[in-house]
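Participant: Below: one structure in structure tokens.
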Amino acid sequence: FGPTVTSFVRLEPIPIPRDFVLWSFFNTMFCNPFCLGFIALIFSIKSRDRKIAQDPAAAGSYGRMAKHLNIAAFFLGIVGTIICIVVLVTYYNNLQVGS
């Protein structure tokens, strides 16, 4: 009888896709231009549902869409806030100079 060789094949763990629910909720409450934050929240919830249903491909797809919508909502919200502040300061300064 010869020696017995046993080999084990380790499967690589599938990375869990992110769903960005908290970021989407923040954007829904505070940075929601054109309802992008709300749409991102919907995609985040769909991503979480697909993750629970053990469908990582669909969860990753919904998660990426939520991420892109969150980036757009946050950027547009910040730019809009800065523009509003600049317009208000300019208007206030023009009122002071005109008096």
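Participant: Please go through region 79-99 and give me each residue that is at pLDDT below 95 and aliphatic (A, V, I, L, M), ordered by number.
Facilitator: 95, 97
Participant: Among residues belonging to region 26-41 that are free of Cβ contacts under 8 Å to residues at least 24 places away in the same chain and out of contact with any helix residue (DSSP H, G or I) (no Cβ under 6 Å at 6 or more places or on another chain), point out the one that is farthest from residue 63 (Cα to Cα).
Facilitator: 29
The values are calculated or read from the model by the stated rules, or taken from the named source; none is laboratory data. Computed from a predicted structure; not experimentally measured. Every residue, glycine among them, receives a Cβ derived from its backbone with ideal geometry; neighbour counts consider all protein chains shown.
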